[in-house]
Amino acid sequence: MRKAAMMLATGLTALTGSIDVNAKVTAPKGATIFRLDGHGFTYALGVDDKGYLQPLYWGAPLGPNDPLVPGDPAQLKAPGELSGFDPAGSVTPQEYPGQGEGLVSEPGIKTVFADGNRDLVLKYRAHRVEGDTLVVELADIRRPLTVTLRYTIDPDSGVIGRSASVHNGDTKPVRVDQIASAVFTLPVGDDYRLHYLTGRHAAEWTQKQVPVTPALTVLESRRGSTGHGNNPWFAIGRERVTSEDAGPVWYGALAWSGSFRISVGQDNLGRVRIAGGYNSYDFAWTLKPGETLDTPVFYAGYSDGGMGGASRAFHDFQMRKIIPDGVKAKLRPVLYNSWEATAFDVTEAGQAALAEKAAKIGVERFVVDDGWFGARNSDRAGLGDWTVNRTKFPNGLKPLIDKVKSLGMDFGLWVEPEMVNADSDLYRAHPDWVLAYPDRPRTEGRNQLVLNLARIDVRDHLLGVLDTLVSENDIAFLKWDYNRNWTEAGWAGVPVEDQQRVYVDYVRNLYHILAELRRRHPRLEIEACSGGGGRIDLGILEYSDQVWTSDNTDPADRLMIQDGFTQAYAPAVMMAWVTDSPNWANTRVTSLDYRFLSSMQGGLGIGANLDHWQDADFATAAKWVAAYKTIRSTVQRGRLYRIDPPVGEDATSATMSVAQDGRQGVLFQMLHSSMWRDNPAANRPQGLDPARIYRVSVLGGGALPAGVPIHASGAYWMQKGLRAPLKGDYVGIAFVFDAIT
Ligand code: GLA
């Protein structure tokens, strides 16, 4: 039974009285207007009198009989030329334009035919409805080239997934130089603002905002993977109208873990166009006769609840529809990871000692990071040789795994399968397996080269090696790392016209390995990591139970990183570790309490060197881990309200997570540094049920601030707020609201 109204219908006549729970999808003959309606959302498109597919609407829900095309829908007009500089082809708003007919804005697709023709004009040919999916077929006006557009709606969140497939029906090859998954359009307006996420290693998830103007903003990766530079996510709000809590937000994200490109700007008539898909940089795909090229899915949604409303809807969508097992996914266990403690110096005895200490504080998963395999004593050797280092583990991994399991934890292992050190047995056996151009220098990054996963033999080798590793050892979890970008992306051994397919074939084969490994080992969990958060997107999330958000584990920086991350992605997958102080990234000194309060806002991990801890540290950690377990379901799977961002003029920040059933809320209040004698202002909780009575307590124990009642209604808390008398630098407190009615 669907919670929200959903309807997908063709033809205005079909709309009358059709919006209802479980509304039937209908597609009357001869229809030219298409609608997708989900929770809080309507999207519409239609075929005009010349056969172009035009975008008609993307935004808040419309009434069932609203005139998407005033008057007779069959009269949807294609505009004529505006001036000699603006021919009809570039004036007509197109849902997915071919590069042709004088188009001067971003095309959906750009092709070169075997005879040199570079003109492509796509017009409507057919459509069909398959469940929650609308399929519209476009065809070139002369050549047998078709583009099939797919629109799938998730009725509960209103998120749609769009993708395109180009098919060459000709007898000669056609080169595709550029192909988007989708192009989105917003009406003319001068007050749109684009929000995006940028950064670099150990500084991911930095938030930026720019006005949307005729100067195109391009969010892209040319790196072969998603990258730390730009994330394939965007949100567009309106100046002075959109805030964290209110106002329109149009947002979207590409499900792709390779080079991508999302462009945002106004076209020649001031309409906002957002095109996203494979990056055309260094890319080309020669479509053989009869061949089809599919794009990844570009998901998009709308919220009138501001950036907070948009991210909550998108989180909800990801938890139900993207991450493995959806609503049935397990809560993230508290993990220990040895990387910051021991780096490459891993031994059976050393890890066993850490495991004993981790178990004492309530850790549920023990993860051995880099350094356990091959000749891996530094980052100069060993990558590619996924066999246990017998000097460090004389009897293999089994004794350590048995020990970890006897302590009540499960066992996880770090791998970086796509990479190879030149100093490795794998590279010595297969020097031709790396991305490179023959007779050209190859740039090494962190002393490693990238295996060419586009090759089927490389794909099958990696799958085999990983399958063996997981089959022969009781491994519950793999941290799957990826620690450099592509440089010389050569694929020798295939015809020149196929070599630039590497950008697509590589990523598809990566997904194949992940999917197949999960299929063969259904209980295996995987963490996506790329030098921290360098490969996080909706594509990799389909195969990942959690992600390593950033190598920057400083708890104060981390609040900003988490604030940026959650604009796009769900806290359900966001891992955060408590590590040592001073922090390696910036030498900042913070208390263990503060580090826990920062990390407990995601999936909690511990990466400190427990060999250096005193009894008091173990007691503090045990207290926080136990406290975390009482709220983790709310933090991980609840609704997140970013109440006071960690950036801005004040030194405070606050987040609130509320369980989906409204029975628990957790308010984290953090103070970066005290100024003068100021006291932080009260934070007003959000998302509680106004009618329920909640008992408030301090997470981890401790007295409530003076004057705070123990019991009050959700309405009371949300109106009155809660002020913690925080003083000092890097301090915090968390309040828990438990419903008692
Ligand atoms: C990357 C990861 C780290 C750690 C190291 C190991 O930087 O992000 O967490 O696993 O590799 O080499």
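Looking only at residues of the stretch 63-78 that are within 19 Å of Thr185 (Cβ to Cβ) and in contact with an Asp or Glu (Cβ under 8 Å, 6 or more places away or on another chain), we find that the one that is surrounded by the most Cβ atoms within 10 Å (Cβ to Cβ) is Leu76.
Looking only at residues of the stretch 549-607 that are aromatic (Phe, Trp, Tyr) and under 27 Å from Ala253 (Cβ atoms), we find that the one that is surrounded by the most Cβ atoms within 10 Å (Cβ to Cβ) is Tyr569.
Quick one: would you say Val166 is within 30 Å of Arg558 (Cα to Cα) and β-branched (Val, Ile, Thr)? When the stated conditions are applied, Val166 does not pass them.
Number of residues in the stretch 524-560 that are part of a helix (DSSP H, G or I), under 14 Å from the mean Cα position of the chain (by Cα) and within 16 Å of the ligand (Cβ to nearest atom) equals 1. Looking only at the stretch 353-368, residues that are part of a helix (DSSP H, G or I) and within 16 Å of the ligand (Cβ to nearest atom) come to 1 in all. Restricting Val334, Val327 to those that are within 23 Å of the chain's Cα centre (by Cα), under 27 Å from Thr630 (Cβ atoms) and without any contact (Cβ under 8 Å) to a residue 40 or more places away in the chain reduces the list to Val327.
For every residue, the table says whether it meets (1) in contact with a helix residue (DSSP H, G or I) (Cβ under 7 Å, 6 or more places away or on another chain); (2) surrounded by fewer than 23 Cβ atoms within 10 Å (Cβ to Cβ); (3) basic (Lys, Arg); (4) under 16 Å from Ile179 (Cβ atoms).
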{"position": "Ala88", "(1), (2), (3), (4)": "no, yes, no, no"}
{"position": "Gly98", "(1), (2), (3), (4)": "no, no, no, yes"}
{"position": "Val104", "(1), (2), (3), (4)": "yes, yes, no, no"}
{"position": "Pro107", "(1), (2), (3), (4)": "no, no, no, yes"}
{"position": "Lys110", "(1), (2), (3), (4)": "no, yes, yes, yes"}
{"position": "Phe113", "(1), (2), (3), (4)": "no, yes, no, yes"}
{"position": "Gly116", "(1), (2), (3), (4)": "no, yes, no, no"}
{"position": "Leu122", "(1), (2), (3), (4)": "no, no, no, yes"}
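A residue that is within 29 Å of Ala349 (Cα to Cα), surrounded by fewer than 20 Cβ atoms within 10 Å (Cβ to Cβ) and assigned by TED's automatic domain parsing to the domain that holds Val346 occurs nowhere in the stretch 428-444. Do you know which residues across the stretch 130-145 are within 23 Å of Lys288 (Cα to Cα) and not basic (Lys, Arg)? Matches in the stretch 130-145: Val136, Glu137, Leu138, Ala139, Asp140, Ile141, Pro144, Leu145.
Quick check on Ala349: is it surrounded by fewer than 17 Cβ atoms within 10 Å (Cβ to Cβ), assigned to a helix (DSSP H, G or I) and more than 15 Å from the ligand (Cβ to nearest atom)? Taking the combined requirement at face value, the residue satisfies it. Looking at Val465, is it within 22 Å of Glu527 (Cα to Cα), touching a Phe, Trp or Tyr at 6+ places or on another chain (Cβ under 8 Å) and crowded, with 22+ Cβ neighbours inside 10 Å? Criteria not met by Val465. Which one is nearest to the ligand (Cβ to nearest atom), of the residues in the stretch 473-513 that are of a type in the set (Asp, Glu) and not in a loop (DSSP other than H, G, I, E, B)? In this case the residue turns out to be Asp505.
Look at Gly189 and say whether it is free of Cβ contacts under 8 Å to residues at least 12 places away in the same chain and either within 24 Å of Lys50 (Cα to Cα) or surrounded by fewer than 22 Cβ atoms within 10 Å (Cβ to Cβ) (or both). Answer is no for this residue.
Cβ-Cβ distances below 9 Å connect no pair with a first residue in the stretch 375-397 that is under 19 Å from Ser471 (Cβ atoms) and not assigned by TED's automatic domain parsing to the domain that holds Glu472, a second residue that is modelled with pLDDT under 95 and within 15 Å of the ligand (Cβ to nearest atom), and a separation of six or more residues or different chains. Annotation note: Cβ proximity below 8 Å between a residue of the stretch 487-502 that is at pLDDT 95 or above and of a type in the set (Asp, Glu) and a residue that is surrounded by fewer than 18 Cβ atoms within 10 Å (Cβ to Cβ) and not in a loop (DSSP other than H, G, I, E, B) (sequence gap 6+ or interchain) occurs for Glu497/Arg175. Go through the stretch 622-678 and give me each residue that's assigned to a loop (DSSP other than H, G, I, E, B) and out of contact with any strand residue (DSSP E or B) (no Cβ under 8 Å at 6 or more places or on another chain). Selection gives Gly648, Glu649, Asp661, Met675, Trp676, Arg677, Asp678. Picking from residues in the stretch 333-343 that are within 16 Å of the ligand (Cβ to nearest atom) and surrounded by 20 or more Cβ atoms within 10 Å (Cβ to Cβ), the one that is farthest from Ala515 (Cα to Cα) is Ala341. The set of residues from the stretch 126-157 being modelled with pLDDT of 95 or more, of a type in the set (Lys, Arg) and over 27 Å from the mean Cα position of the chain (by Cα) comprises Arg142, Arg143. The single condition from (1) in a loop (DSSP other than H, G, I, E, B); (2) among the small types (Gly, Ala, Ser); (3) in contact with a helix residue (DSSP H, G or I) (Cβ under 6 Å, 6 or more places away or on another chain) that Gly371 fails is (3). Take Ala275 and decide whether it is in contact (Cβ under 8 Å) with a residue 60 or more places away in the chain, under 24 Å from Thr566 (Cβ atoms) and buried (at least 23 other Cβ atoms within 10 Å of the Cβ). So Ala275 does not fit the description; no. Every listed requirement among (1) in contact with a helix residue (DSSP H, G or I) (Cβ under 7 Å, 6 or more places away or on another chain); (2) surrounded by fewer than 24 Cβ atoms within 10 Å (Cβ to Cβ); (3) outside any strand (DSSP E or B) is met by Pro214 save one, (1).
Listed by first and then second residue, the pairs linking a residue in the stretch 454-474 that is closer than 12 Å to Leu514 by Cβ to a residue that is crowded, with 20+ Cβ neighbours inside 10 Å, with Cβ atoms under 6 Å apart and 6 or more places separating them unless they lie on different chains, are Arg459/Leu453; Arg459/Asn509; Leu462/Pro417; Leu462/Ile513; Leu463/Ile513; Leu466/Leu517.
The values are calculated or read from the model by the stated rules, or taken from the named source; none is laboratory data. It should be emphasised that the depicted structure is a prediction, and the values quoted were computed from it without experimental measurement. Neighbour counts run over all protein chains shown; Cβ positions are idealised from the backbone, glycine included.
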